[in-house]
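**Student:** First, the structure itself, so that you have it in front of you.
The values are calculated or read from the model by the stated rules, or taken from the named source; none is laboratory data. Bear in mind the structure is a predicted one, so any value in this text is a computation, not a measurement. So basically every Cβ, Gly included, is an ideal-geometry build from the backbone, and we count neighbours across all protein chains shown. Heads up: the accessible areas ignore ligands, DNA and RNA and are worked out on the full protein's heavy atoms, side chains in. Shrake-Rupley method; radii C 1.70, N 1.55, O 1.52, S 1.80 Å.
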Amino acid sequence: MNLSNNKHEQERKCKSGRPIPTLKFGRNRQKARNQERNRQKQDDQGDPLCKYNKNARGEPHIFNFDHIFDGHTKQSEVYEVVAKPVLENVFQGWNGTIFAYGQTSSGKTFTMQGAMTNEKLKGIIPRIVDGVFEYIDNSPDHIEFIIKVSMLEIYMESLTDLLNINGAKAIKIRETPTKGIFIENLVEPCVGDESEVMEFLAIGNSNRKIGRTDMNAVSSRSHLVTILNIQQQDTEDGSVKKGKLYLVDLAGSEKVGKTGVKGLLLEQAKLINKSLLCLGNVISALTEGSKHIPYR
């Protein structure tokens, strides 16, 4: 989405979702103006900075965002800014991940999937699929591609293959020196065009766990991971490039007092919040350069 031209609006649109109070000019107008100027401060790259509350040492928390979207942003703009550069890198042999993170009913699934067959409202995943086959169509004839798709659900700390829910073999996360981290026994069918991918996505989505809460009639009760495995080979020199794109629609964090969940939904909420806390700890450790990253 386009950044708002109003700097005050940019600063208020924090991931916390809470607006920053407007400063009131009192007797000391100069002091108030300085506070307002500091609130509008930007870093050397021009990225908007957002200050919200203070930590235990009385220091302001500062959040730095690469981009801020307003409520009028189109789905196509989100794709161009967030997803397209990641897809381009995957075709260069890198692995990439895009995930939507936030509280329940904040629009994560709409951002990632949207209205899958609506050109204006479809989200990142269907646009990624279009981008994959557009890239293939524009590639030289001596480049051959193998595209595979898989869908994984993480529900109450267990893994489910959404394309093979009745599979006899349990799927597990494994790691080897040669393959790195992979998911054992996960069904990974080859696809030849956009329509085949969309068929598998429809199957996977129909098998996903959802539930009704006071905040969302179709609340996701699990984390959904869609994986595109892209392999390309140059038939002239024999070179091969491989890349995986992980597209993650996380379940939303919940406050039980607002969602009103009970019984099984409450147990789901507890594990959802626990897993999101673990993810947040991993991200914090990575950004802070910690020696220990709590992956497990």
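**Student:** Given 0.36 nm per residue, what is the gain on full extension from TYR246 to THR176 after removing their alpha carbon distance, in nm?
**Tutor:** Extra length from TYR246 to THR176 when fully extended: 23.3 nm.
**Student:** Per residue, how much accessible area does region 59-176 have with a 1.4 Å probe, in Å²?
**Tutor:** 57 Å²
**Student:** Tell me the net charge near VAL187. Cut-off is 11 Å between Cβ atoms, VAL187 excluded, with +1 for each Lys or Arg and -1 for each Asp or Glu.
**Tutor:** Neighbourhood net charge equals 0.
**Student:** Kindly write out, for region 127-138 in residue order, the coupling ³J(HN,Hα) from the Karplus curve 6.51 cos²θ - 1.76 cosθ + 1.60 (θ = phi - 60°), rounded to whole Hz, with x marking Gly and Pro.
**Tutor:** Calculated HN-Hα couplings, in order: 6, 4, 4, 4, x, 4, 7, 5, 5, 4, 4, 8 Hz.
**Student:** State the percentage of accessible surface on region 110-218 attributable to carbon and sulfur atoms; use a 1.4 Å probe and exclude ligands, DNA and RNA.
**Tutor:** 51 percent
**Student:** Something else about it: With 32 Å as the limit, write out which pairs from LYS241/LYS274; LYS84/LYS169; LYS179/LYS262; LYS148/LYS209; LYS122/LYS148; LYS244/LYS270 have Cα-Cα distances beyond it, or answer none.
**Tutor:** Flagged as over cut-off: LYS241/LYS274; LYS84/LYS169; LYS179/LYS262.
**Student:** Would you pull out the residues with amide H under 5 Å of GLN103's amide H, same chain only if 5 or more places away, H placed 1.01 Å from N?
**Tutor:** SER253
**Student:** Also: Give me the net charge for the shell around VAL149: Cβ to Cβ below 13 angstrom, other residues only, Lys and Arg +1, Asp and Glu -1.
**Tutor:** Result for the local shell: -4.
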